[in-house]
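A.B. asks: The structure's right below; bear with me while I get my questions together.
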Amino acid sequence: MEFKSREEEIDYAKANNIPVSVTKDKPYSIDENIWGTAIECGVLEDPMVEPPADAYQHTVAPENAPDEPEIVTIEFEKGIPVAVNRKEMDCVSLVKLLNDIGGRNAVGRIDMIENRLVGIKSREVYEAPAGMILHFAHKELERITLEKSVAHYKVKIAQEYSDLIYNGLWFTPLREALQAFIEKTQEKVTGLVKVKLYKGTLRISGRTSPYSLYDPALATYTAEDQFDHTASEGFIKIYGLPFKTINRVMQKVEEESKQLV
């Protein structure tokens with residue numbers, strides 16, 4: 001059957017005693033699983049309209065969230081979350097728990113204009129409390145465990161990887177090749193992250209890892225500083241040599257041009 005609108009679908013369901021949660025006043029199209037909820041249709045098709053309160057299914061509004069922050073600890077092993085608040089659990093239970101924790105603290109709401117594969121821009125509203133919490137915590141753990149060049153390059157890979165998934169290209173050679181890179185980067189992403197949730201916001205409250213590359217003796221401003229500052233002068237000269245050379249050449253060209261005039 002071909003329906004020309006959501007209203008026709010609602011009329012058909014009503015006429016045939018098909019139970020559906022949508023109404024003509026609230027014709028939202030809702031897709032959900034434990035990882036998140038996608039909401040569209042109705043007034044949400046106007047990007048100037050703020051999502052109505054009844055569009056959200058699992059998260060409270062920031063103004064209705066608790067007045068006291070909630071701190072949650074998440075433990076990772078090789079990039080995989082394995083425990084929440086010191087309690088080990090399987091991934092499904094872990095995601096469900098973080099959905100509850102994030103939802104009651106107004107964390108997880110996303111209102112975005114997407115670029116679909118066919119080039120159409122689409123307004124989507126999402127709820128993904130667990131996803132946002134885990135993404136935030138995982139990134140903070142990577143900050144102290146990944147070497148600089150790997151961390152910076154992984155950002156580029158992450159964009160390509162996410163595009164492949166969004167475009168339905170999971171079972172492809174490129175995704176599998178990128179997967180090998182990602183799994184290699186996660187070998188040392190093990191540790192604990194403390195996250196503070198407060199009225200829709202996420203803030204880092206602490207992080208630690210046995211593979212942490214953060215060395216207080218090299219970062220301190222106290223007398224305990226072990227960084228050899230005398231090495232800075234030579235480093236700066238070598239690091240800036242190519243640009244100093246370019247500048248010298250350009251000055252020479254400009255002077256010769258003036259002489260010709």
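A.B. asks: Quick check on this structure: which one of Leu117, Leu169 is open to solvent by 70 Å² or more (accessible area, probe 1.4 Å), modelled with pLDDT under 95 and either out of contact with any helix residue (DSSP H, G or I) (no Cβ under 7 Å at 6 or more places or on another chain) or assigned to a loop (DSSP other than H, G, I, E, B) (or both)?
C.D. replies: Result: Leu117 is the single residue among Leu117, Leu169 that is open to solvent by 70 Å² or more (accessible area, probe 1.4 Å), modelled with pLDDT under 95 and either out of contact with any helix residue (DSSP H, G or I) (no Cβ under 7 Å at 6 or more places or on another chain) or assigned to a loop (DSSP other than H, G, I, E, B) (or both).
A.B. asks: Considering Pro66, Pro81, Pro19, which residue is in a loop (DSSP other than H, G, I, E, B) and open to solvent by less than 80 Å² (accessible area, probe 1.4 Å)?
C.D. replies: On inspection, the qualifying residue turns out to be Pro66.
A.B. asks: Name the pairs: first residue in region 85-114 and over 26 Å from Pro52 (Cα atoms), second residue among the polar types (S, T, N, Q), Cβ to Cβ under 7 Å, at least 6 apart or on different chains?
C.D. replies: Asn85/Thr73; Arg86/Thr73
A.B. asks: Still on this model: Going by the structure shown, is Tyr161 more than 26 Å from Ala61 (Cβ to Cβ), within 14 Å of the chain's Cα centre (by Cα) and not charged (D, E, K, R)?
C.D. replies: It is true that Tyr161 is more than 26 Å from Ala61 (Cβ to Cβ), within 14 Å of the chain's Cα centre (by Cα) and not charged (D, E, K, R).
A.B. asks: Hey, can you tell me all the residues within region 122-140 that are among the β-branched types (Val, Ile, Thr) and assigned to a helix (DSSP H, G or I)?
C.D. replies: Hit for region 122-140 is Ile133, nothing else.
A.B. asks: Let me ask something additional. Can you find even one residue in region 227-250 that is modelled with pLDDT under 90, of a type in the set (Gly, Ala, Ser), open to solvent by 100 Å² or more (accessible area, probe 1.4 Å) and at negative phi?
C.D. replies: no
A.B. asks: Examine region 173-187 for a residue that is assigned to a strand (DSSP E or B) and not basic (Lys, Arg), and state whether such a residue exists.
C.D. replies: No.
A.B. asks: Moving on. Quick one: which of Ile74, Ile110, Ile101 is assigned to a strand (DSSP E or B) and either crowded, with 17+ Cβ neighbours inside 10 Å or of a type in the set (Lys, Arg) (or both)?
C.D. replies: Ile74
A.B. asks: Can you work out which of the residues in region 53-63 that are surrounded by 15 or more Cβ atoms within 10 Å (Cβ to Cβ) and of a type outside the set (Phe, Trp, Tyr) is nearest to Glu32 (Cα to Cα)?
C.D. replies: His58
The values are calculated or read from the model by the stated rules, or taken from the named source; none is laboratory data. Source: prediction; values computed, not measured. All Cβ positions, glycine included, derive from the backbone under ideal geometry; neighbour counts span all protein chains shown. Side chains are part of the model used for accessible areas, which takes the heavy atoms of the whole protein and leaves out ligands, DNA and RNA. Shrake-Rupley method; radii C 1.70, N 1.55, O 1.52, S 1.80 Å.
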